[in-house]
Amino acid sequence: MPTAPDSPRADDASAGFAPTYPLRTERLLLRPIAPADAEAMHAYKSDPDSVRYVPYGPLTLSDIAQRIGSTWSTTRFEKEGDAVCLAVETEDTHTLIGDVVLFWRSERDRAGEIGYIFDPRAGGQGYATEAVEALLALGFDGLGLHRVIARIDERNTASARVVERLGFRQEARFVESEWFKGEWSTLLVYALREDEWRGSTRASRT
């Protein structure tokens, strides 16, 4: 199980929430993305297959550096609409293997959304599931969310398996609902509530 953030739970989310980094799991560290990460991120964010189901196309090294300097550098939640992106690295070798993001979608509804992308070379070892689990701890235990969703292209079966392992339920299937990268995409919406999260974490400890 991931270690919960050291910062107090943000029951009054309007006051903002600044996590304590890094977030630690059994094998991983989740930390703010730094300019020095650009080259390692370029290895998978420039690969058309790796970015097939994310909102952007293959990125150049310059593209990545620009985003790290702006939207990918946020480290705290100030208001709804904010998003915190974190680099995921192995604890033993400090190799960057992917990145994850937590969006604060609604203050009133205590709603969030997760996203993630990993280097294919790190696939098949459970790293994505482990990192997303830590991200959920940040959302539920830290930011005080009630509900977290994941929106996944139906063809992205590997991504769907990640959230299914963590107890997410498929709540919706929107058939050919988006014109995405030159073709129609069927969107799956998965969701996990706080009480479901706490039930699953308790069960995993027994």
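The values are calculated or read from the model by the stated rules, or taken from the named source; none is laboratory data. This is a predicted model, so every value here is computed, not measured. Because the Cβ atoms are built from the backbone with ideal geometry, glycine has one as well, and the counts that use them run over all protein chains shown.
Being under 25 Å from D153 (Cβ atoms), part of a helix (DSSP H, G or I), of a type outside the set (D, E) and at pLDDT 95 or above: is that true of Y53 here? No; evaluated as a whole, the condition is false for this residue. A137 fulfils the conditions (1) in contact with an Asp or Glu (Cβ under 9 Å, 6 or more places away or on another chain); (2) among the hydrophobic types (A, V, I, L, M, F, W, C); (3) under 30 Å from G16 (Cβ atoms) except for a single criterion, (1). For the range 138-158, the tally of residues that are surrounded by fewer than 20 Cβ atoms within 10 Å (Cβ to Cβ) and among the hydrophobic types (A, V, I, L, M, F, W, C) stands at 2. Only one of the listed residues (A10, A65) is modelled with pLDDT of 95 or more and either not polar (S, T, N, Q) or not in a helix (DSSP H, G or I) (or both). That residue is A65.
Taking the listed residues T206, T201, the one that is at pLDDT below 95, buried (at least 16 other Cβ atoms within 10 Å of the Cβ) and either under 13 Å from the mean Cα position of the chain (by Cα) or closer than 19 Å to E26 by Cα (or both) is T201, with no other qualifying. How many of the residues making up the range 29-45 are surrounded by 19 or more Cβ atoms within 10 Å (Cβ to Cβ) and in a helix (DSSP H, G or I)? Count: 5.
For the range 118-136, the set of residues classified as surrounded by fewer than 19 Cβ atoms within 10 Å (Cβ to Cβ) and among the aliphatic types (A, V, I, L, M) consists of A122 only. Can you tell me which residues in the range 116-130 are out of contact with any helix residue (DSSP H, G or I) (no Cβ under 9 Å at 6 or more places or on another chain) and under 15 Å from E164 (Cα atoms)? Matches in the range 116-130: Y127, E130. Among the residues of the range 137-175, the ones that are part of a strand (DSSP E or B) and closer than 25 Å to R108 by Cα come to 10 in all. For V84, the criteria (1) closer than 19 Å to P19 by Cα; (2) part of a helix (DSSP H, G or I) hold in every case but one, which is (2). Remark: E178 matches the filter, which requires a residue to be in a strand (DSSP E or B), surrounded by fewer than 15 Cβ atoms within 10 Å (Cβ to Cβ), of a type outside the set (A, V, I, L, M, F, W, C) and on the phi < 0 side of the Ramachandran plot. In the range 57-93, what count of residues is obtained for those that are acidic (D, E), within 28 Å of R27 (Cα to Cα) and surrounded by 15 or more Cβ atoms within 10 Å (Cβ to Cβ)? Looking only at that region, the number is 2.
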